[in-house]
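Student: Please read through the structure below; I'll follow up with questions.
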Amino acid sequence: MSLYAIKKNEQHRVKRSSTKDYSLVCVDKNCKWYFLATKHGKTNLFKVRKLVEDHTRSIERIHDDHPQATTEDYSVSISYQKAWRAKEKASEKVIGCPHDSYNEIPGILHMIKKCNPGTITDLVQHDNGHFKYLFFALGVSIEGWKHCTPLIVVDATFLKNAYGGTLIIASAQDADRHIFPLAFSVVDSENDASWQYFMEKLKESYGEREDQCIISDRHESIAKAMKSVFPNLMHGVCCFHLFQNIKTRFRKGGDDLRDAFYCAAKAYNQTDFDDSMRDLDNIDSRIRPYLTNEVGLEKWTRLYSPNKRYSTLTSNIAESVNSALKEIRELPIGTLLECLRCLVQKWSWENKNRALSTFTTLAKVPEKILKDKLERSKKLKVQTSNLVIYTVKEL
């Protein structure tokens, strides 16, 4: 009736309200309009459904930042601020209150740990009881880590909810080259203390493996945490971020710079590496000292890397996870944690079904790569056998 009154630009008042009936009359005493709803009265379900649908559509349009939604539907002009407040109220009803969501964190972490055996969770609070850090690694991730390549990619992305914060993610790849999320952490920002906390919890959950490598961008706090928590592990640098740093630092660009840099990073032998580095010298002589002395060849090249990087020269898998979480980063932290758990559960379920439907010796992706290489080698052998060899005398 309130929506009806707004749409008709009329006013009414409640004459009687009890458990048996509900009576409305016009505010004008001379008007004989009235509305009566009794406990045993019949309701027109079609009208009720239509009213709910129209109201829902109006709320959705307000949620999409369209202040004119109420103007078009009910012929009432409202300000942008009022539409924004309506959007916030509607969002709270759907996804929860951002402030109250922090009180739900202990219960959510407890249920995640209880319903997922082997899960490790941690919650750090300030002296006044306010939230500071949280960390969780699901049991399925901890159990599956032993079957992944010993390479972890870490990255952080900012949250877009009312109170902000930073989400840190650690990911790996399984035997079929699929993304395998390992751990999540919510911190205040990317600083020394937050990365130190995350690395310590990561080591506590997964330990260290032989020939293990951790890849990230060149954030200083990550480098400090690596030296403190994982002094024996190789810390690789994402080649994509390093290339962006080169373009910004030396104000160079173009296909020639990109091709020379990535050829040097991917080179398997010294000859190819030296050729690519000479190409970089021709573009700018300052690039080689920067990559050699300041960054270190062992951090970004395949040739000088002390550990195997398994063709993982970038942190693209972490960027892919960030892309999958793009929409849920706006949610309150309690809903965010539940979405993260659902994401890991969904991917684990899909990968399990894919593995159960695989009847080859290897996983599908490596099997396909080997078959393609085998076919190419057979064709090359046939072409080589058909060549005519001439001696120097015959030529």
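The values are calculated or read from the model by the stated rules, or taken from the named source; none is laboratory data. Source: prediction; values computed, not measured. Ideal geometry is used to build each Cβ from the backbone, glycine not excepted, and the neighbour counts take in all protein chains shown. Just the protein is used for accessible areas: all its heavy atoms, side chains included, with ligands, DNA and RNA removed. Shrake-Rupley method; radii C 1.70, N 1.55, O 1.52, S 1.80 Å.
Student: Test each condition in (1) in contact with a Ser or Thr (Cβ under 8 Å, 6 or more places away or on another chain); (2) open to solvent by 60 Å² or more (accessible area, probe 1.4 Å); (3) within 22 Å of Arg341 (Cα to Cα); (4) modelled with pLDDT under 85 for His63 and report the one that comes out false.
Tutor: (3)
Student: Could you list, in sequence order, the residues of region 309-334 that are part of a loop (DSSP other than H, G, I, E, B) and closer than 13 Å to Leu151 by Cα?
Tutor: Arg309, Tyr310, Ser311, Thr312, Leu313, Thr314, Ser315, listed by residue number.
Student: Checking the conditions here, which among Lys113, Lys160, Lys201 is open to solvent by 40 Å² or more (accessible area, probe 1.4 Å) and over 18 Å from the mean Cα position of the chain (by Cα)?
Tutor: Of Lys113, Lys160, Lys201, the one residue that is open to solvent by 40 Å² or more (accessible area, probe 1.4 Å) and over 18 Å from the mean Cα position of the chain (by Cα) is Lys113.
Student: Based on this model, can you work out whether Glu72 counts as at pLDDT 75 or above, open to solvent by 80 Å² or more (accessible area, probe 1.4 Å) and part of a helix (DSSP H, G or I)?
Tutor: no
Student: Kindly indicate which of Ser315, Ser323 is under 23 Å from the mean Cα position of the chain (by Cα), open to solvent by less than 30 Å² (accessible area, probe 1.4 Å) and hydroxyl-bearing (Ser, Thr, Tyr).
Tutor: Exactly one of Ser315, Ser323 is under 23 Å from the mean Cα position of the chain (by Cα), open to solvent by less than 30 Å² (accessible area, probe 1.4 Å) and hydroxyl-bearing (Ser, Thr, Tyr), namely Ser315.
Student: Looking for something open to solvent by 20 Å² or more (accessible area, probe 1.4 Å), farther than 22 Å from Leu297 by Cα and not in a strand (DSSP E or B) - is there at least one such residue anywhere in region 215-228?
Tutor: Checked against the condition, which is being open to solvent by 20 Å² or more (accessible area, probe 1.4 Å), farther than 22 Å from Leu297 by Cα and not in a strand (DSSP E or B), region 215-228 yields no hits at all.
Student: Find all pairs meeting these conditions: Cβ atoms under 6 angstrom apart; at least six residues apart or on different chains; first residue within region 21-36 and within 16 Å of Leu3 (Cα to Cα) and open to solvent by less than 70 Å² (accessible area, probe 1.4 Å); second residue assigned to a strand (DSSP E or B) and among the aromatic types (Phe, Trp, Tyr).
Tutor: Partner pairs satisfying both residue conditions: Leu24/Phe35; Val25/Tyr34.
Student: Where the second residue is of a type in the set (Gly, Ala, Ser) and the first is over 13 Å from Thr335 (Cα atoms) and lies in region 92-115, which pairs have Cβ atoms under 9 Å and are six or more apart or on separate chains?
Tutor: Lys113/Gly139
Student: Filter region 123-148 for residues that are open to solvent by 60 Å² or more (accessible area, probe 1.4 Å) and assigned to a strand (DSSP E or B) and give the result.
Tutor: Gln125, Lys132, listed by residue number.
Student: Here's something else I'd like to know. Among the residues of region 255-263, is any farther than 30 Å from Leu159 by Cα and modelled with pLDDT under 90?
Tutor: yes
Student: Can Glu92 be described as modelled with pLDDT of 70 or more and open to solvent by 100 Å² or more (accessible area, probe 1.4 Å)?
Tutor: no
Student: Out of all the residues in region 289-302, which are over 31 Å from the mean Cα position of the chain (by Cα) and closer than 15 Å to Gln270 by Cβ?
Tutor: Passing the criteria: only Thr292.
Student: Next up: Mind counting the residues in region 235-275 that are under 17 Å from Tyr304 (Cβ atoms) and open to solvent by 20 Å² or more (accessible area, probe 1.4 Å)?
Tutor: Residues flagged as under 17 Å from Tyr304 (Cβ atoms) and open to solvent by 20 Å² or more (accessible area, probe 1.4 Å) within region 235-275 amount to 11.
Student: Then there's this: Would you call Ser101 modelled with pLDDT of 90 or more and either open to solvent by less than 80 Å² (accessible area, probe 1.4 Å) or of a type in the set (Lys, Arg) (or both)?
Tutor: no
Student: Assuming Arg251 fulfils every condition listed in (1) out of contact with any Asp or Glu (no Cβ under 8 Å at 6 or more places or on another chain); (2) on the phi < 0 side of the Ramachandran plot; (3) not β-branched (Val, Ile, Thr) apart from one, which condition is it?
Tutor: Evaluating Arg251 over (1) out of contact with any Asp or Glu (no Cβ under 8 Å at 6 or more places or on another chain); (2) on the phi < 0 side of the Ramachandran plot; (3) not β-branched (Val, Ile, Thr) leaves (2) as the failure.
Student: Hey, another quick one. Exactly one condition in (1) in contact with a strand residue (DSSP E or B) (Cβ under 9 Å, 6 or more places away or on another chain); (2) at pLDDT below 75 is false for Ile120; which is it?
Tutor: Exception for Ile120: condition (2).
Student: Could you list, in sequence order, all residues of region 141-156 that are closer than 23 Å to Pro366 by Cα and of a type outside the set (Phe, Trp, Tyr)?
Tutor: The answer is Ser141, Glu143, Gly144, Lys146, His147, Cys148, Thr149, Pro150, Leu151, Ile152, Val153.
Student: Name the residues in region 98-144 that are of a type in the set (A, V, I, L, M, F, W, C) and more than 24 Å from Tyr206 (Cα to Cα), would you?
Tutor: Passing the criteria: only Phe131.
Student: Let me ask another. Being hydroxyl-bearing (Ser, Thr, Tyr) and surrounded by fewer than 17 Cβ atoms within 10 Å (Cβ to Cβ) is the filter here, so list the residues in region 276-304 that pass it.
Tutor: Answer for region 276-304, where residues must be hydroxyl-bearing (Ser, Thr, Tyr) and surrounded by fewer than 17 Cβ atoms within 10 Å (Cβ to Cβ): Ser285, Tyr290, Thr292, Tyr304.
Student: Could I ask something else about it? Mind checking which residues of region 149-178 are within 14 Å of Ser311 (Cα to Cα), of a type outside the set (S, T, N, Q) and not in a loop (DSSP other than H, G, I, E, B)?
Tutor: Listed by number, the residues that qualify are Leu151, Ile152, Val153, Ala172.
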